[in-house]
Number of protein chains: 2
Amino acid sequence: MLSADRKKNRVTLLDVARRANVSRATASLVIRKSPLVGAETRQRVEEAIQALGYVYNMGAARMRAERSRTVGVVVPNLTNPFFGELLSGIEALIDSAGMVVIVANSGDLVERQDLVMRRMREHGVDGVILCPAADTEPAFLDRIAEWELPLVQTLRHISEEIDYAGADYAAGMRQAVDYLASLDHETIAFAVHGPMHSAYHERIEGFRDAMRSLGLNANMILRVPDQLAQIADATHLLFEQTEQPTAVICFNDVIALGLSGGLYDRGLQVGRNFSLIGFDDVTDAEALRPRLTSVSTAPVAIGETAAQLLLDRLADPARPPRRVVQETQLRVRQSCGPATV
Amino acid sequence: MLSADRKKNRVTLLDVARRANVSRATASLVIRKSPLVGAETRQRVEEAIQALGYVYNMGAARMRAERSRTVGVVVPNLTNPFFGELLSGIEALIDSAGMVVIVANSGDLVERQDLVMRRMREHGVDGVILCPAADTEPAFLDRIAEWELPLVQTLRHISEEIDYAGADYAAGMRQAVDYLASLDHETIAFAVHGPMHSAYHERIEGFRDAMRSLGLNANMILRVPDQLAQIADATHLLFEQTEQPTAVICFNDVIALGLSGGLYDRGLQVGRNFSLIGFDDVTDAEALRPRLTSVSTAPVAIGETAAQLLLDRLADPARPPRRVVQETQLRVRQSCGPATV
DNA sequence: CTGAAAGCGCTTACAG
DNA sequence: CTGAAAGCGCTTACAG
């Protein structure tokens, strides 16, 4: 009954056209702001739209026009504030392009990612921005290319032939290492966790290269738990190495936050007895005590870039693929001090 | 050219039907898993789908069926981890119902919210979950009701006649106050910030009622900056009151994190010289030192509840409105100690 | 259980 | 600048 009412009441473009004494095609042109329509006609149509309370039906338009003004965004995790910031940047740009974003969570699982991408296709998104789940095969992206579904990779990349927006993680690592070296640290640990993907490897390699080029031991890499709550209790790992580190670089600020607590629990004073440096520079970094020195990767800006890449590709599907890699920035605060050996 | 190719190549239900030697209607029934189709016929159709690489066209289906399997979610902020967790809960449930979520950011601005809701309508979402922007007028929700667009409010509520999913903020405040009182605190400040909306007022009233019912001064409410980075510097406000508080309850964990730094900067030891209690219990609470005692409001669970309310309403548009208000839980950690006066 | 027909509300050429 | 016609790919009654 209800939906029957709704249907019956629905005012269509034809109703508008009739009331304005024009054809449906003309009314359609007015709505799409075509310059082909005369000012007087346009006004009549707009009045009719107002009077009738006409609502544009994207569903019908997309069917005919073969585009939906909809883009998909799939991320491995919605709970992590980092992805929230990324999403925020994407949404802002997509919105200002008059489009809308459909968001989905892959849980960093390739099977779910498969499902989610299929669903995106059925919903007829015009394109998708994907942070590929760990272990995504290149063949998966090839398949999407066969669908002719425009795609951009973000934060992690699998294929060189597909647009990518990210940050220069290796350079960020070099900034962190160089800074610690300038404070005379020589034995520096790198604490990592999480799944292994391009961003993971870039950070590891960045650390290694930077250490080696300074003639330092590049092998002190230790894995800590994924869950923030358990990281503090893994701090002892720092003190079970063959050599005693005086500083630790963290894969991300989550680890930095966790180790910061663990160091405190051991009675160490971060920035005095031990130096700690984070990665990502989430908002908490500034609020911590001592304030956390961290390498900023600006996720909001990455999101905006990813969205712009997709918009550009939609405009020209044939353009060559681009990689836009943002510079990172070291935010020096209080969590590092001179090496005291 | 490209899109022409795509169009030409598109395999439709009619192609599938022909290949399987059935009518289009029958093929449609198979896709929608209707029990009306015989097993042998079903299999033939499924083989044809496989062989042809048929992709279901939601756009066409939604037009005919008058529903889109799409729900809108509009939040005032995507950057705040709290909303990320809410969104995560919503997405999980909506996904498992075979639907998809369109997300939008109102920026907590009524004008943008207006725009965004209009866009949602044009896109034909089946319903929307809204965290209303501060200063949303009840008339705004009435208008949406006139659109016959199913709606559920979350975290904040404007109208009693519309479904709502939230937490019992007032009870949470009472838990915080009672706990501090049990440690003999008598002069307790309440630090707030942000826009004023139902959740704001509920916390304020919850604080006041709890304090008054213990015979304590319920008026020590102070506003701190919205931005985390600036909160620490507002800590002095705590020490410019007519009476000297021995504890502060924070409107949320962001404030708690900020004041925790500010207290540290003044040489105070949280949990010894001064007690601090947060609200929301974000993941950081456990990682801070001293560990932050906080009232948990479980945003993921609120998101799931909101999604379930919407699903239920979609199933029965006429059902009476419901309010589902989750219990909060006090997570006692290390940031509170006995009053030392 | 299956088929032929109508129609959802728009946009796109094509004429004029 | 405007109009008449066709069609996007499905689902929904209605017959059989």
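No lab work stands behind these numbers, since they all come straight from the coordinates. These numbers were taken from a predicted model, which means no experiment stands behind them. Virtual Cβ from ideal backbone geometry, glycine too; neighbours counted across all protein chains shown.
Ignore the peptide's own chain and count Cβ atoms of other chains within 10 Å of each Cβ in B:229-239; give me the average, rounded.
1
Roughly what angle does helix B:39-52 make with the longest principal axis of chain B, taking Cα atoms, 0 to 90 degrees, to the nearest 10?
80
For a Förster distance of 60 Å, can you work out the FRET efficiency between the beta-carbons of B:GLU161 and A:ASP184, rounded to the nearest 0.05?
Computed FRET efficiency for B:GLU161 and A:ASP184 comes out at 0.35.
In debye to the nearest 20, how big a dipole does the range B:169-298 give about its Cα centre with +1 on each Lys and Arg Cβ and -1 on each Asp and Glu Cβ?
140
In nm, to one decimal, how far is the B:LEU222 label point from the B:GLN269 one, both placed 7 Å along Cα→Cβ?
Placing both labels 7 Å beyond Cα along the Cβ direction yields 2.3 nm.
Whole-Hz ³J(HN,Hα) for each residue in the range A:114-123, computed from phi via Karplus 6.51 cos²θ - 1.76 cosθ + 1.60 with θ = phi - 60°, x for glycine and proline: what do you get?
Per residue, the Karplus-derived 3J(HN,Hα) values read 4, 4, 5, 5, 4, 4, 4, 5, 4, 7 Hz.
Return the long-range amide H neighbours of A:ARG331 (sequence gap of 5 or more, or a different chain), with a cut-off of under 5 Å between placed amide H atoms.
Here A:SER294, A:VAL295, A:SER296 satisfy the definition.
Quick check: the distance between the Cα centres of the range B:302-340 and the range A:299-341, to the nearest angstrom?
For the range B:302-340 versus the range A:299-341, the Cα centre distance is 37 Å.
Over the Cα atoms of the range B:21-180, compute the convex hull volume and normalise it per residue, giving Å³.
176
Enter the angle in degrees (range 0 to 90, nearest 10) between the Cα long axis of helix B:299-315 and the first principal axis of the Cα atoms of chain B, meaning the one along which they spread out most.
Here the helix axis deviates by roughly 40 degrees.
Would you calculate the separation in nanometres between label points at B:GLN329 and A:ALA139, each defined as 7 Å from the Cα along the Cα-to-beta-carbon direction?
Reported label-point gap for B:GLN329 and A:ALA139 is 4.4 nm.
Take the alpha carbon atoms of the range B:178-229, find their center, do the same for the range B:82-97, and report the distance between the two centers in whole angstrom.
30
Give me the inter-chain shielding for B:78-90: mean count of other chain Cβ atoms within 10 Å, whole number please.
6
Shape of the range A:236-341 from its Cα gyration tensor (a ≥ b ≥ c, root eigenvalues): rounded if a/c is under 1.5, otherwise prolate when a/b > b/c, or oblate?
Taking the square roots of the gyration eigenvalues as a ≥ b ≥ c, the range A:236-341 is prolate.
Considering only DSSP beta bridges where both residues belong to chain A, give the percentage that are antiparallel (nearest 5).
Bridges in chain A are about 10 percent antiparallel.
Projected onto the charge dipole of chain B (+1 at Lys/Arg Cβ, -1 at Asp/Glu Cβ, origin at the Cα centre), which of B:LEU222, B:TYR179, B:PHE83 gives the Cα projection farthest towards the positive end?
Result: B:PHE83.
Copy-to-copy spacing for A:GLU161, label 7 Å out on the Cα-to-C-beta vector, in nm, shortest first?
Distances to the matching label points in the other copies: 5.9 nm.
Quote the charge dipole size of the protein assembly as shown about the Cα centre in Debye, to the nearest 20; the model charges only the Cβ of Lys and Arg (+1) and of Asp and Glu (-1).
The calculation lands at about 2760 debye.
Could you tell me the convex hull volume per residue, in Å³, taken over the Cα atoms of chain B?
179
Work out the FRET efficiency for B:GLU40 and B:ALA60 from their Cβ-Cβ distance, taking R0 = 22 Å, and round it to the nearest 0.05.
The computed FRET efficiency comes out at 0.20.
In chain A, if the dipole is taken from +1 on Lys/Arg beta carbons and -1 on Asp/Glu beta carbons about the Cα centre, which of A:ILE102, A:LEU276, A:VAL300 is farthest to the positive end?
Toward the positive end, the furthest listed residue is A:ILE102.
What is the set of long-range amide H partners of A:THR70 at a cut-off below 5 Å, with H atoms built 1.01 Å from backbone N?
A:VAL100, A:ASP126
Run the dipole for the range B:2-56 about the Cα centre, Lys and Arg Cβ at +1, Asp and Glu Cβ at -1, nothing else charged, and hand back the magnitude in debye, nearest 20.
220
What number, in nm² with one decimal, is the all-direction average of the projected area of the convex hull of the alpha-carbon atoms of the range B:2-56?
3.6
Per DSSP H run of n ≥ 4, the term is -39500 (n - 2.57); total these for chain A, divide by its residue number, and report the mean residue ellipticity at 222 nm rounded to 500 deg cm²/dmol.
My calculation for chain A gives -13500 deg cm²/dmol from helical runs alone.
What angle do you read, to the nearest 10 degrees and between 0 and 90, between the alpha-carbon axis of helix A:81-96 and the longest principal axis of chain A?
Once rounded, the angle reads 30 degrees.
Which value in Å does the Kirkwood hydrodynamic radius of the protein assembly as shown take, with 1/r averaged over all unlike C-alpha pairs and then inverted?
After inverting the mean inverse Cα-Cα distance, the result is 27.7 Å.
So what are the ³J(HN,Hα) numbers for the range A:53-58, from phi and the Karplus equation (6.51, -1.76, 1.60; θ = phi - 60°), rounded to whole Hz, Gly and Pro as x?
x, 5, 10, 4, 9, 4
From the phi angles alone, apply the Karplus equation (6.51, -1.76, 1.60; θ = phi - 60°) to the range A:185-200 and give each ³J(HN,Hα) in whole Hz, x where the residue is Gly or Pro.
6, 10, 10, 10, 9, 10, 9, 10, 6, x, x, 9, 8, 4, 5, 5
Per residue of A:283-295, how many C-beta atoms from partner chains lie within 10 Å of its own C-beta, taken as a mean?
5
Per-residue counts of other Cβ atoms within 10 Å, averaged by peptide: what ranking do you get for A:129-136, A:36-43, A:247-254, A:19-26, highest first?
A:247-254, A:129-136, A:19-26, A:36-43
Separation between the A:ARG118 and A:ALA229 pseudo-spin-labels, each 7 Å from Cα along Cα→Cβ, expressed in nm?
That separation, rounded to one decimal, is 3.5 nm.
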